[in-house]
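> What follows is a structure written as C-alpha cells; I'll ask about it next.
Every read-out reported here was derived from the displayed coordinates using simple, explicitly stated rules and does not represent laboratory data. Worth saying up front: this structure is predicted, and the values here are computed from it rather than measured. Cβ: placed from backbone, ideal geometry, glycine included. Neighbour counts: every protein chain shown.
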Amino acid sequence: MKKRSLFTMLVAAALLLSTFVPGLAEDVIKIGGIGVLSGKYGMYGLAVKEGVDLYVKQVNAAGGVMGKQVEVYWEDTQGNASEAINAYFKLSEQGMVAYIGAVLSGESKALAEVTAEDGAPQISPSATDYDVTTGRPNVFRTCFLDPFQAKAMADFIANEGLKSVAVLYDNSNDYSLGLFEAFKAQSEKNGLSVVAAESAAFGDTDYKTQLTTIMNAKPEAVFLPYYGADAALILAQANELGLNAKFFGADGIADIVELISDKNLLTSLIYTDHFSEGAQSEAAQKFVADYQAEYGKLPSISFSATGYDAAQVLLNAIEAAGSTEPDAIVAAIKATNSTVVSGNITFDDHNDPVKSIFFQTFDSEGNKQFILQVDP
Amino acid sequence: MDLLASQLINGLHVGSIYALIALGYTMVYGIIKLINFAHGDIIMVGAYTAVITLVSLNWSPVAALIAAIVVCVLLGLTIERVAYKPLRSSPRISSLITAIGVSMLLQNAALLLFGAQPRPFPIVLKVEPLRFGGLQISFITLLTLGITALLMIGLQAFVHNSKPGKAMRAASEDYATAQLMGINVNNTISLTFAIGSALAAIGAYLYVMAYPAVSPTMGSLPGLKAFIAAVLGGIGIIPGAMLGAFVLGIAESLAKAYISSQMSDAVVYFILILVLLFKPTGLMGKPSGEKV
Amino acid sequence: MNKKTKSITLNILGILVLYVALSTLIGSGAINNYLSNILITICITIIMTASLNVTTGLLGQLALGHAGFMAIGAYVSALLTKSLSISFGLSLPLSLMLGGLAAAMCGLLIGIPALRLEGDYLAIITLGFGEIIRVIIENLSITGGARGLTRITRLSRAFSQDRTLSMVIAFTLVFFITVLIISSIFTLGRSRHGRAIISIRENAIAAEATGIPTTRYKLLAFVFAAFYAGIAGGLFAHQISIIDAKMFGFNKSIEYLVMVVLGGMGSITGSVVASIVLVALPEVLRGMEEYRLLIYSFLLILMMLFRPSGLLGTREFSMLAAWEAMERFCSKVFKRKDTPTRMPFQPRYDIWEDKPVLETRDLGIDFGGLKAAEDINVHLSDNEIVGMIGPNGAGKTTVFNLLTGVYAPTRGEIMLLGKSIHGRAPHQITHDGIARTFQNIRLFNSMSALDNVKVAFHSRMRYSPLSGILRNASCLSEERGIDIRARELLRVFQMESDADIIAGSLPYGRQRKLEICRALASNPKVLLLDEPAAGMNPSETAELMQTIKLIRDRFSVAILLIEHDMKLVMGICERIYVLNYGRIIAHGSPEEIRSNPEVIAAYLGQPQSVQEAAHAES
C-alpha cells in the first residue's frame, strides 16, 4: 500500500523528467507545427508539412532568418481538439517562437484559444472556418475562407448561365455546413433557385436516397461540399441513378482523383482550390518544380502550397520585425503585402488573406485541368 | 410514388447486404451466445483481400472473390480458436470485452498496414440498370437480392437437413447435452464460424461492388446494423435475420429520405431499443426462461 | 498504533503529501503548464474510469455508452457557465453539480428500460443510447450543433490574473473533487448498498431471494455512475474550453473500458492506477501514437485471456481501511463516546396457535398448455418441519418458486401469516418472512462468508445510500449491529472461523450451511430448503439433520424441505407431502407415507427402500 503512493509519485517524477528535453542551442529559431498528421485526414496535414518543410529548407540553405537556422517541431493531433491544446502546451515549454497550424478547422479553433491567451503568432494554412480568427489578433491564415469560396462558386455557377441548383451536404460537419449556408445565401442573391437541399453524413456510403430526391427536383447544378472520399461515392451513385447535372465542389474535394474508380466521371466536376499546378505565375511554377524535385511528385493537395506560403509569410515577418517577440511578429505579419505561390497576399481586418481563388476540373484520365483564376 | 418505390428498392438493397452479414451474427450467437463484435471487421478484411488481389495481383474477379472467402474463413477460425474458445466458461462480460478487443485489433492493424485513405474498388461488372416504368434498378441490386435469397434458402436447408447442420441446432439448444450426445461441439462451433465468415466475405464483395470504397473502418457500422437486424428478427433464428435485415434496411432508407441522414442512424438505434424492450426475442423469436 | 494502522495511516498522509508536493511544484513553475494539464486530465480520467467501474465492475454489467453521460455533463455545465453572469468561482461548482444531475437524470431515463436486459443486450442498448445522445447533441442548435461550443471558460486561467496561482487553484479544485468522488465510491461499495450491488453481480436470482430489490439497485448503480461521469464531463469541458459531440463517441467509451479492464473490474484502486498509466504513457511515448490503439486492443484481449482480474487483481479498499483507521484514531484521541450499536430490525410476527403460518389454497400454475402444478393445498404451522418429496419433474421446485414469488400463480392463493402474498416481488416476500435455499447452491461467490450473511440483513436495515457514503452515525451503528448478528449466526453453525473466507472457496458442505445461514439472517418465519442434502455423504447428511433440528428449535421458524434422501426426510419431517405430475398425491406422517401404495408405486419403489427408510427412524 505504501507502494501505491510511491508509484504515483514515481510516475509524476517520470513525467517531469521527460519534458526536460535537452535544451538546444539558442541560435536556432524554433517554429511549432501542429496538425493532423495521421488517420483519416492525415494526408492534408502531411501536405502542409511538406510545403512548410520545403520552404524552411530553402530558407536555411540561403542563410536562415536573422542569420539563424530555422527548425520546425511537428506534433500530430490526430484531428483531436484536445490533442492540439496539449501539443501547444508541450511545445510552448520548449521555446517556440511561432506556430503553423492547425490543419482542420476544429483543431485550429482549439489551438487558437490557447495561442490567443499568450499572444503567440499562429498561421493556419488550411483552416477555412470563419470563427478561427474572430477576436484573435494573433491568428492568421493563408487560405481563403469557406464563406468566400462558397460565394465565389455561386457566382461562377451564375456566370455559367445555370439556373437551378441543388445541394447535398453534411449538416453535422461544420466545414460542410458552413459552405452550404454561405452558398445558399449567395445563390439566392444571384437569382439561382435552390431546388433541393439534402443532408448525408460524412462517411456514409449510401447516398442514393438523397440523390433520388435531388434528381426529382431536376437541378442543372449540384453543389457537393464534401471531401474526396465521399464525393467519389456520390458521383458514382449519381451516375448510376442517371442524375445528369454539373457537379461543383470546394477545396476539400480535390483528392477525389485518387479515390474514384471511374475517372470519366470527374469531367463533370468543377471545384475551387487554393492553388493550381496549372497556375501561370512565376512563383507558382517555381514552387511546382521545386516540389517535384524534392518529393518526386506533384503538389496535388493544394495545402502544400498554402503551407509553403504560411512558412514564407511567417519567416518573412520575423525577418522584417527583426525580433522574435510575439507582438513584433504579429504586427509584421499583419503588415504583409507580398507575392506568394498562391497569389498576392494581404490581410484584412479579420486577419483573413485577400487572395485569389482557382477553379479546376479534371480530364477523363484524372489529370487536373486549370480553368480560371479569380483575383480579388 | 415513384420516389417512394425507389427508396424502398434502396432499402431492400441495403437490407440484403445487412442480411448476409446478419446471418453470420445470428448463427454464432445461436450456439455460443456471443456477440462477435469482430464480425463487421471480417467484412473489411474480405474487402481488402478482394481489392488487393484484383488491383495489385491482377487476379480475375472470381478468383478475388474466392480469395476473400478463403481469407475470411481462416481469419474467423483463428479468432474463434485463439480468442473465444478459452473463454467459453468465463463470465459473459469477458467474452464481450474480448470481442471488442478483436474488433479494435483488426481495425487498427488495417489502419497501420493500409493507411486511412479509402481505396477505390475497381468496376467488375458493367451492366445497364433495368428500367420498370419510371423506376431504375441497378443490376448489382438484383444480383445482391438474388444471391442473398439463394444463400438463405441454402443455409436453412443445410441447417435443417444435414448432419452437421443438425449438430449446430442441437448445440444451440443445449450445449452440454449435445456434447453428451456425442456431438463434437468444438468442430460444430468452428463450422459455424467458418460458414458465418464465408457469408461475410460474400457480403463484403457485394458491398464493395455497390459502394466501391475500401477503408479500415468500413465494417463497423454495417456490422453493428446487421447485428441490430439480427436482434430485430430474433437472434439465433436464420429466417429472422433476413426479415430483420430487410425491415431495418427499409426503415433506414425511409428515415434518410423523409427525416434526415443523421437521424436515420438514431432511428435504427431507436428501433433496436424498442425491440429489446418490448419483444427481446425479436419478431420471430420464442421466449425462453432461466431455470431457478 | 499497531503495524496495520500505521501503514494505513501513512496512506492518508500519502494523499495529503502528494497534494502538497504537486501544488507546490505547480506553484513554483517546476511543473509547467503542459504537465499541470496532464495532471488535471489524469484526475478527470480517474473519475470517469472509477464511475464506469461502478457499473461494469461492481454491478457487473457492461455499459458501452458511458461517454454519452460525460457529454451531457460537459454541455450542461458549459452552457451554464457561459450564460450565468456570476463569478466563476460560484458558477463552476454549481454548473458541475447541475451537469452531474442532468447526466444522472438521463441515466435514470435510460436505465429504467435498459436495465431490464442483461449482458450482451444491455451492452448494445447502452451503445445505442450513447449514439442517440451524440446525434441529438449534434442536431440541436443550443449545443452549437456540429460546430460545438467554444470559448468555454478555461479552468486554469479563470481564477486569477496570475497564471500560476490560477493553475494551482484549478488543480486543487480538481484534485479534491477527484479524491471526494473516489472515497465516496469506496465507502458506498463497503456499505449495505454496495453489498447489495455486488450481490446482484454475483448471483442476481439469489440476491432477489435474499431480499435485495434488484431492479432498484441496478438503477442506483447506473445513475450513480452517470452522475459522476457528468461531473467529469463538466470538468473536461472547462479544461479544454471547446467541445463538440464527436469527442464523446463510442471510441471514448471504449478507452475508459480499457482502463477499467486493465485496472481490474471491481477494483477502484486499479482504476486509479490504470488511469494514471494510460494517460501518462501516451504522453511520454508521443512518437508511438499510431500504435496506441493497436496496443490497447492487444491489452484488452490479453487481459481477458490471462488476467481477467486486472493488473492489480482484487487488491482493494486500503483507502477505506484508511478511513476506518482514521475514525478509530479520532475516537481514541477525542475520547468520543462509543458509537451506539443498532441491531437489525427484527420483524414481529403475529402467530396464532391454531392458524397455519403458511397456507396455499388450490395453488396452480400453467406454462402454456402444461399444468406444472395444480390444486396445491399445503399448510405449515409454526415450528414444524415438513417434507415435500416426489420424482424429478413432479413440480416440487415449481411450488417453491410459486411460494417465493419467482413465478406468478395462474390459480389459487398463498397466505403468509393470514395475508395473501399474491403479486409480491421475491424480495418483498423475503421481507415478509419467507426465505429459501436453492437446489444448485447460489452463494455470492467472491464475497466472504460474513458478507454473504450480511447481505441478507439488507431488508432489515434502514440507513440511506447517502449515510453509507458519509459513514455517519446511523450507518456505523447499524453496520456494527449486523456485524455482531452475522457473526452470531455463523457461530450457531460453527462457521465463525470461516467468516472472512471467500465463499466460493469453501468446501461443499460448508457452502450449503452458509446458504442456510444466510437464509436465516433475514429473520424469516418460513424457511424453504431445496434439496439441502444434495451431494452429501451419509455423515454430512446426519450432521445436516442435526442442523435443521437445531434451526427449528433455536429460531422459531417453520421449515418446508424438498429432498430425495429418504433417510433425512423420514428422519426429521413431522409431515410429508408427496407430489407427482404437479399434484399432491399423498399427505401424512412418515409412517403413513411409507406404507401408502400410490406413493410406493410412483416414487418410493419396492419394499427394499421402504425398509431402509424404516431403519432410518430407529
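> Compute the angle between helix B:92-114 and the longest alpha-carbon principal axis of chain B, please, reported from 0 to 90 degrees and rounded to the nearest 10.
For B:92-114 against chain B, the angle is about 40 degrees.
> I would also like to ask the following. Given the Cα-Cα distance of C:Asp354 and C:Leu13 and 0.36 nm per residue of separation, how much length would full extension add, in nm?
Answer, rounded to one decimal: 116.3 nm.
> Is the C-alpha gyration tensor of the range A:147-273 telling us rounded, prolate or oblate? Criteria: a/c under 1.5 is rounded; beyond that, a/b larger than b/c is prolate, otherwise oblate. Display every interim value, and only then the final one.
Values: a/c = 1.38, a/b = 1.27, b/c = 1.09.
Verdict is rounded for the range A:147-273.
> Which longest uninterrupted range of chain C lacks any chymotrypsin sites (Phe, Trp or Tyr not before Pro) assigned by DSSP to a loop state (not H, G, I, E or B) and surrounded by at most 15 other Cβ atoms within 10 Å? Could you put the intermediate results ahead of the total?
Working: sites that count: C:Phe334, C:Phe345, C:Trp352, C:Tyr581.
Between exposed loop sites, the widest span is C:1-333.
> What list of ³J(HN,Hα) values in whole Hz, one per residue of the range C:181-198 in order, does the Karplus curve 6.51 cos²θ - 1.76 cosθ + 1.60 (θ = phi - 60°) give from phi, with Gly and Pro shown as x?
Running phi through 6.51 cos²θ - 1.76 cosθ + 1.60 with θ = phi - 60° gives 5, 4, 5, 5, 5, 4, 5, 5, x, 8, 7, 5, 6, x, 4, 4, 4, 5 Hz.
> While we're here: Just how many % of Cα pairs in the protein assembly as shown lie over 44 Å apart, if you round to the nearest whole percent? Write down the numbers at each step before the final one.
Values: 405673 of 826255 pairs.
In whole percent, the long-distance tail amounts to 49.
> Can you figure out the FRET efficiency of C:Met288 with A:Glu258, using R₀ = 41 Å and their beta-carbon distance, to the nearest 0.05? Walk me through the numbers before you get to the answer.
On the way: r = 28 Å, r/R0 = 0.68.
E(calc), rounded to 0.05, equals 0.90.
> Taking every DSSP beta bridge with both residues inside the protein assembly as shown, roughly what % is antiparallel (nearest 5)?
45
> List the residues, sorted by chain then number, that are 5 or more residues from A:Ala197 or on another chain and whose placed amide H is less than 5 Å from its amide H.
Counting only residues 5 or more places away or on other chains, the set is A:Val167.
> Tabulate in residue order the Karplus-calculated ³J(HN,Hα) for the range A:122-139, using 6.51 cos²θ - 1.76 cosθ + 1.60 with θ = phi - 60°, rounded to whole Hz; enter x for Gly and Pro.
9, 10, 9, x, 8, 7, 9, 6, 4, 5, 4, 9, 4, x, 10, x, 8, 10
> Please report how far the C-alpha centroid of the range C:543-601 lies from that of the range C:477-516, rounded to the nearest whole angstrom.
27
> Could you calculate the FRET efficiency of C:Gln439 with A:Ser193 from 1/(1 + (r/R0)^6), where r is the beta carbon distance between them and R0 is 51 Å, rounded to 0.05? Walk me through the intermediate numbers first.
Details: r = 76 Å, r/R0 = 1.49.
Taking R0 as 51 Å, the efficiency between C:Gln439 and A:Ser193 is 0.10.
> Only helical DSSP H runs with n ≥ 4 go in: add -39500 (n - 2.57) per run for chain A, normalise by residue count and round the 222 nm mean residue ellipticity to 500 deg cm²/dmol. Mind dumping the intermediate values first?
Values: 12 runs with 162 residues, N = 376.
That comes out to -14000 deg cm²/dmol.
> I've got another one for you. Among the aspartates and glutamates, which have Cα under 18 Å from the Cα of B:Lys126 when same-chain residues fewer than 8 positions away are ignored?
Once the sequence-local aspartates and glutamates are set aside, what remains near B:Lys126 is A:Glu240, A:Asp262.
> Something else: Relative to the longest principal axis of the C-alpha atoms of chain B, give the angle of the C-alpha long axis of helix B:139-161, reported between 0 and 90° and rounded to the nearest 10°.
20
> Report the label-to-label distance for B:Leu125 and A:Phe370 in nanometres (one decimal), using points 7 Å from each Cα along the Cα→Cβ vector.
Each label point lies 7 Å from its Cα, and together they span 4.4 nm.
> Quick one: which residues, 5+ away or cross-chain, put their amide H under 5 Å from the amide H of A:Trp74? H built at 1.01 Å from N.
Under 5 Å from the amide H of A:Trp74: A:Gly33.
> Could you tally the net charge around C:Asp120, taking each other residue with its Cβ under 10 Å from the Cβ of C:Asp120, Lys/Arg +1 and Asp/Glu -1?
Values: positive: B:Lys33, B:Arg92; negative: C:Glu118.
Taking every Cβ under 10 Å from that of C:Asp120, the sum is +1.
> Between C:Arg462 and C:Ser589, what is the spin-label point distance in nm, taking each point 7 Å from the Cα along the Cα→C-beta axis?
If labels sit at C:Arg462 and C:Ser589, their model points lie 4.7 nm apart.
> Follow-up question, since we're still on this one. If each of C:Asn537 and A:Ala185 carries a label point 7 Å out from its Cα toward its Cβ, how far apart are those two points in nm?
According to this spin-label approximation, the distance is 8.9 nm.
> So how much slack lies between A:Asp27 and A:Leu162, counting 0.36 nm per residue of separation and subtracting their Cα-Cα distance, in nm?
On the way: separation 135, 0.36 × 135 = 48.60 nm, distance 5.82 nm.
Result: 42.8 nm gained on full extension.
> Near the amide H of C:Gly390, under 5 Å away, which other amide H atoms are found, from residues 5 or more places off or on another chain, if H is placed in the peptide plane?
Those lying under 5 Å, H to H, from C:Gly390 are C:Leu579.
> On to the next question. Which value results when the Cα radius of gyration for chain A is divided by 2.2 N^0.38 Å? Walk me through the numbers before you get to the answer.
On the way: Rg = 22.0 Å, N = 376, 2.2 N^0.38 = 20.9 Å.
Compactness ratio reported: 1.05.
> Hey, could you grab the Kirkwood Rh for chain C? Inverse mean 1/r over distinct alpha carbon pairs, Å, one decimal.
Values: mean 1/r = 0.0369 Å⁻¹.
It works out to 27.1 Å.
> Just to confirm the number: angle between the C-alpha axis of helix C:318-333 and the first principal axis of chain C, 0 to 90 degrees, nearest 10?
Its long axis makes an angle of about 90 degrees.
> Give me the inter-chain shielding for C:183-195: mean count of other chain Cβ atoms within 10 Å, whole number please. Don't skip to the end; give the middle numbers.
Numbers: counts 0, 0, 0, 0, 0, 0, 0, 0, 0, 0, 0, 0, 0.
For this peptide, the per-residue mean of nearby foreign Cβ atoms is 0.
> To the nearest 20 debye, what is the magnitude of the charge dipole of chain C about its Cα centre, counting +1 on the Cβ of each Lys and Arg and -1 on the Cβ of each Asp and Glu? Display every interim value, and only then the final one.
Working: 59 positive and 50 negative charges, 525 e Å.
Charge dipole, chain C, about its Cα centre: 2520 debye, nearest 20.
> Give me the compactness ratio for the range C:445-526, meaning the Cα radius of gyration over 2.2 N^0.38 Å. Display every interim value, and only then the final one.
Numbers: Rg = 13.1 Å, N = 82, 2.2 N^0.38 = 11.7 Å.
Compared with the compact-globule rule of thumb, the range C:445-526 sits at 1.11.
> What FRET efficiency would be calculated for the residue pair A:Ala62, C:Val20, taking the C-beta separation as r and a Förster radius of 41 Å, to the nearest 0.05?
Values: r = 53 Å, r/R0 = 1.30.
After rounding, the FRET efficiency stands at 0.15.
> Right, here's the next one. Before rounding to the nearest 500, sum -39500 (n - 2.57) across all DSSP H runs of length at least 4 in chain C and divide by the residue total; then give [θ] at 222 nm in deg cm²/dmol. Mind dumping the intermediate values first?
Numbers: 24 runs with 358 residues, N = 618.
After summing the helix terms and dividing by the residues of chain C, the value is -19000 deg cm²/dmol.
> Using a Cα-Cα cut-off of under 16 Å, which lysines could be cross-linked to B:Lys33, ignoring same-chain neighbours fewer than 8 residues away?
Here the lysines satisfying the reach criterion relative to B:Lys33 are B:Lys85, B:Lys286.
> Related question: For the range B:158-176 and the range C:231-280, compute the distance between their C-alpha centroids and round to whole Å.
Between the Cα centres of the range B:158-176 and the range C:231-280 lies a distance of 43 Å.
> Then there is this: Please give every one of the lysines within straight-line cross-link reach of B:Lys256, meaning a C-alpha to C-alpha distance under 21 Å, and leave out same-chain neighbours fewer than 8 residues apart.
Qualifying lysines at Cα under 21 Å: A:Lys208, A:Lys218, B:Lys225, C:Lys246.
> Which net charge results when you count Lys and Arg as +1 and Asp and Glu as -1 among the other residues whose beta-carbon is under 10 Å from that of C:Arg154? Could you put the intermediate results ahead of the total?
Working: positive: C:Arg151, C:Arg157; negative: A:Glu113, A:Glu117.
Within the 10 Å Cβ shell, the charges total 0.
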